[in-house]
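Shown next, in structure tokens, is the structure this report addresses.
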Amino acid sequence: MTVAPFGSWASPISPEALTEGALRLSDLTVAAGRLWWVERRPNDGGRQVVVSADGNGMIADHLPEGFSARTTVHEYGGATFTVVDTDTVVFSEFADQRLWSVGPGREPRPLTPVPPEPSAWRYADARLVPGREWLVCVRERHHGSTAAEVENDVVAVALSGEAEPVPVVGGHDFFAAPRPSADGTQLAWLTWDHPNMPWDGTELWVADLVGDAGGGPPVVGAVRRLAGAPAESISQPRWHHGRLHWISDRSGWWNLYADDGDTGQPVAPRPAEFSRPDWVFGQSTYDFLADGRVALAWSDAGIDHLGIVFPHTGELTEVSTPFTYFETVVARGHEVAGLVASASEAASVVTLNPDQPSAVRVLRRSRAAPTERTRVSAAEAISFPTKGGRSAHAYWYPPTSPDHEGPAGTLPPLVVMSHGGPTSSASPAFAVGIQFWTSRGLGVVDVDYGGSSGYGRAYRRSLDGAWGVVDVDDCVAAATYLADQGRVDGGRMVIRGTSAGGFTTLCALTFRDVFAAGASLYGIADLAALATDTHKFEARYLDRLVGPWPEAADTYRRRSPVHHADELSCPVIVLQGLDDKVVPPAQAEVMVEALRAKGLPVEYVTFAGEQHGFRKAETIRRAAEAELSFYGRVLGFTPEVAATQ
């Protein structure tokens, strides 16, 4: 065992290892008896490819070189493709945001027209209407450069590509999840309006599909609202044998409901979360097996579980698996397929028999499984007291190495992670980005501050009017809790965050005196600028988190770190994509200039061609190198960058 300062341990996880052989898996679905998903490939410039696996586990790509399946509806996208027969894929092409069709031996061809401006007309969440040669999908049209000039609706798109998209339903600010029934006679969809976000209040609508089924586009008949309200979040409508199911948080928890001719009947209710916030399209945490049972995943105290519900009795039986995170659950016949992860293995596409769950079949890993489990720092879910008599939650990762230990009488530095959203959540799943730090001798705490999802609506709403306060309190409380327990060195703690977590980071550095330094990755520095210069999806998000703009302008200024740079007295590193439309580079530049004017140590690292979130391998590597080097200088250790074998 080598004794070496914390932070300087030789690690097998080099900056290059963060992306070598790594994939980002998403959009898992079932069609034509096969599993389909999207792979983002950092070593291919972040290109996203639709792939499938047949019953024998044979995997095939379905997009030719030069095409990337990614939609920017709501900027965050999701549900970027659909399968319309055994092997024809309709997908949103990232370069122009049009819908394209591709099949074996055929060149991709566009189904939607050229927009008046590049990428101005966008499409997501498409579904085939049974019995018709038409899709229904969400369309987003940008008529100008401001959020007020963006129009969303549901349209029908002809598979022939020979007709203009036909409006199906409109009249609301946002739409999601257009779902035709299996017989093609009904259509369900979700709507919501500003200032709500989909996790605040949505409505579930249903209508009969009428019109010429011989070749014309689908047309809705009488429309009726089935569920939802301004203070009820609905997600994941899904038909089964002509009956509509959905998830609602009307009880204070996202639970499953079934249509009972009234407002919906709960299915196996419990105080746990059976859904996540709909930041992206196409979420799936439940599905129907061939025998009618429901396979579903839920989160309880930060840990995910898989279960089976018997619809006639409502009995929920947990299925024992090695996984602690279920991003997606779908059914293929009598099998459950999932995009899952555990504390020691990164996300994978797997299948299992819920009646024999030990026989797990791994079809695709997002990265190779760690060869030495002794090098893996496994998440420990912790709860701790915070301001206002509240409790908050986090995952603690101790520094871990079978080869190294810190000098006697010393404690490790701490990296506090503040997730984005802020209505998102941390995860206990294996993440190489966390192991990058723990394998070098740094502790990590990934904080689910008040406002995070996974702990019920009341916890999620605890950030209302308090963004920049409650989240900061909870990140500080997590750090001081671990320091008070003697797990970390309270004098060598840093905080880092992405997007909204970058705002929390900058607030913690500006308005608290706890951290030695911080890193903001495409983070928010000026709330007023965000309120007046962001995309439509989040244009009114701050009404609930901070207050209505401009009526609450004083609050916006009071909580914006950029206006209080004189209170910040520690080093900061800022990493920013130059094509970011969610948090434009101007946010970072104003903060950096304010810090430089004060003479504070500040590093500003930019990445051309990157949007909100880093996707290219070279960006991810360079960002990790810069942040590690920065922490080494601030915390007084010399990083070992080269990989060891």
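Every residue in segment 615-624 that is touching a residue at least 60 places away in the same chain (Cβ under 8 Å) and buried (at least 17 other Cβ atoms within 10 Å of the Cβ), please.
Those that are touching a residue at least 60 places away in the same chain (Cβ under 8 Å) and buried (at least 17 other Cβ atoms within 10 Å of the Cβ): R615, K616, A617, I620, R621, A623, A624.
I want to confirm something. Restricting to segment 97-119 and keeping residues that are among the β-branched types (V, I, T) and part of a loop (DSSP other than H, G, I, E, B), which single residue is least open to solvent (accessible area, probe 1.4 Å)?
Applying the filter and picking the extreme gives T112.
Could you tell me whether segment 326-344 includes any residue that is among the polar types (S, T, N, Q) and outside any loop (DSSP other than H, G, I, E, B)?
yes
Given the conditions (1) over 26 Å from S424 (Cβ atoms); (2) open to solvent by 10 Å² or more (accessible area, probe 1.4 Å); (3) assigned to a strand (DSSP E or B), which single one is not true for V309?
Checking V309 against (1) over 26 Å from S424 (Cβ atoms); (2) open to solvent by 10 Å² or more (accessible area, probe 1.4 Å); (3) assigned to a strand (DSSP E or B), the one that fails is (2).
Going by what's in this entry, would T410 be described as touching a Phe, Trp or Tyr at 6+ places or on another chain (Cβ under 9 Å), surrounded by fewer than 20 Cβ atoms within 10 Å (Cβ to Cβ) and either of a type outside the set (D, E) or without any contact (Cβ under 8 Å) to a residue 12 or more places away in the chain (or both)? Full working, then the answer.
Working: touching a Phe, Trp or Tyr at 6+ places or on another chain (Cβ under 9 Å): yes; surrounded by fewer than 20 Cβ atoms within 10 Å (Cβ to Cβ): yes; either of a type outside the set (D, E) or without any contact (Cβ under 8 Å) to a residue 12 or more places away in the chain (or both): yes.
Against the criterion (touching a Phe, Trp or Tyr at 6+ places or on another chain (Cβ under 9 Å), surrounded by fewer than 20 Cβ atoms within 10 Å (Cβ to Cβ) and either of a type outside the set (D, E) or without any contact (Cβ under 8 Å) to a residue 12 or more places away in the chain (or both)), T410 qualifies.
To keep it simple, each residue is scored yes or no on (1) buried (at least 19 other Cβ atoms within 10 Å of the Cβ); (2) outside any loop (DSSP other than H, G, I, E, B).
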position: E551; (1), (2): no, no
position: R558; (1), (2): no, yes
position: Q587; (1), (2): yes, yes
position: V592; (1), (2): yes, yes
position: S629; (1), (2): no, yes
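Looking only at segment 240-271, filter to residues that are surrounded by 20 or more Cβ atoms within 10 Å (Cβ to Cβ) and not in a strand (DSSP E or B); which one of those is nearest to the chain's Cα centre (by Cα)?
Ranking the candidates gives W254 first.
So which residues in segment 180-204 are under 30 Å from A531 (Cα atoms) and part of a strand (DSSP E or B), if there are any at all?
Result: W189, L190, T191, W192, E203, L204.
In segment 1-96, which strands (runs of 3 or more DSSP E) lie fully inside it and hold 2 or more residues that are modelled with pLDDT of 95 or more and buried (at least 19 other Cβ atoms within 10 Å of the Cβ)?
In segment 1-96, the matching strands (runs of 3 or more DSSP E) lie at 24-31, 34-41, 47-53, 81-83, 89-92.
What do you reckon, is R109 over 23 Å from E538 (Cβ atoms), at pLDDT 95 or above, among the basic types (K, R) and within 29 Å of the chain's Cα centre (by Cα)?
The answer is no for R109.
Just to check your reading of the model, which residue among W396, W437 is farther than 30 Å from A531 by Cα and buried (at least 24 other Cβ atoms within 10 Å of the Cβ)?
It is W437.
Answer with yes or no whether D125 is open to solvent by less than 40 Å² (accessible area, probe 1.4 Å), charged (D, E, K, R), at pLDDT 95 or above and farther than 25 Å from G184 by Cβ.
Spelling it out, it is not the case that D125 is open to solvent by less than 40 Å² (accessible area, probe 1.4 Å), charged (D, E, K, R), at pLDDT 95 or above and farther than 25 Å from G184 by Cβ.
Out of all the residues in segment 433-440, is one or more under 30 Å from R540 (Cα atoms) and assigned to a loop (DSSP other than H, G, I, E, B)?
For segment 433-440, residues under 30 Å from R540 (Cα atoms) and assigned to a loop (DSSP other than H, G, I, E, B): absent.
Considering only residues that are surrounded by 24 or more Cβ atoms within 10 Å (Cβ to Cβ) and of a type in the set (V, I, T), which ones fall in segment 158-177?
Within segment 158-177, V168 is the sole residue that qualifies.
Under the condition of being in contact (Cβ under 8 Å) with a residue 40 or more places away in the chain and in a strand (DSSP E or B), which residue from segment 384-398 is nearest to M1 (Cα to Cα)?
Y397
Please indicate, with yes or no, whether at least one residue in segment 532-542 is crowded, with 24+ Cβ neighbours inside 10 Å and either under 19 Å from A394 (Cβ atoms) or modelled with pLDDT under 95 (or both).
no
The values are calculated or read from the model by the stated rules, or taken from the named source; none is laboratory data. Predicted model only: the values in this text are computed from it and were never measured. Here the Cβ is made from the backbone with ideal geometry for all residues, glycine too, and neighbour counts use every protein chain on show. Side chains included, ligands, DNA and RNA excluded: accessible areas come from the protein's heavy atoms. Shrake-Rupley method; radii C 1.70, N 1.55, O 1.52, S 1.80 Å.
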